[in-house]
Amino acid sequence: MKAAAEYLGLSPHTLYVWRHRRQGPPSFRMGPRGRVMYRLEALDTWIREQEQADSRSNPALNPLNTPPQKRPCRSLGA
C-alpha cells in the first residue's frame, strides 16, 4: 500500500481510508497475511477516471463551456 500511495502522491493513511470507504482505486488482498495490493494498470486507469471526472481537466464538464440558460419571462401581477 505504501508504494501505491507514493505512486499516487498520497499518504498511506489517505489510501487506507479511501479503501475502507470504497472510494479509492481497486485493490485486492493477497497471501496468507492478506496484504493489500494494487495493480499498476488499475492505478493508472483510476487516475484517468479521476481526471475525466474533474471539470478542470474535462472541457465537456466545465460549466463555463455551456451556454447560459434563458429564464422564462414572467410578468409581475398588478
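Tabulated data
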{"item": "Of all residues making up the range 13-49, the number that are over 15 Å from Lys2 (Cβ atoms) and assigned to a helix (DSSP H, G or I)", "result": "9"}
{"item": "Residue count for the range 50-62, restricted to those that are surrounded by 10 or more Cβ atoms within 10 Å (Cβ to Cβ), not in a loop (DSSP other than H, G, I, E, B) and not charged (D, E, K, R)", "result": "4"}
{"item": "Cβ pairs under 6 Å, 6+ apart, first in the range 26-42 and among the hydrophobic types (A, V, I, L, M, F, W, C), second in a loop (DSSP other than H, G, I, E, B)", "result": "Val36/Met1; Val36/Ser27; Ala42/Pro25; Ala42/Pro26"}
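Here is a yes/no grid of residues against (1) open to solvent by less than 100 Å² (accessible area, probe 1.4 Å); (2) of a type in the set (Lys, Arg); (3) closer than 26 Å to His13 by Cα:
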| site | (1), (2), (3) |
| --- | --- |
| Pro25 | yes, no, yes |
| Arg29 | no, yes, yes |
| Pro32 | no, no, yes |
| Glu41 | no, no, yes |
| Leu64 | no, no, no |
| Pro67 | no, no, no |
| Cys73 | no, no, no |
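The values are calculated or read from the model by the stated rules, or taken from the named source; none is laboratory data. Everything numeric here is computed off the predicted structure, so don't read it as measured data. Here the Cβ is made from the backbone with ideal geometry for all residues, glycine too, and neighbour counts use every protein chain on show. Just so you know, the surface numbers come from the protein's heavy atoms only, side chains and all, with ligands and any DNA or RNA stripped out. Shrake-Rupley method; radii C 1.70, N 1.55, O 1.52, S 1.80 Å.
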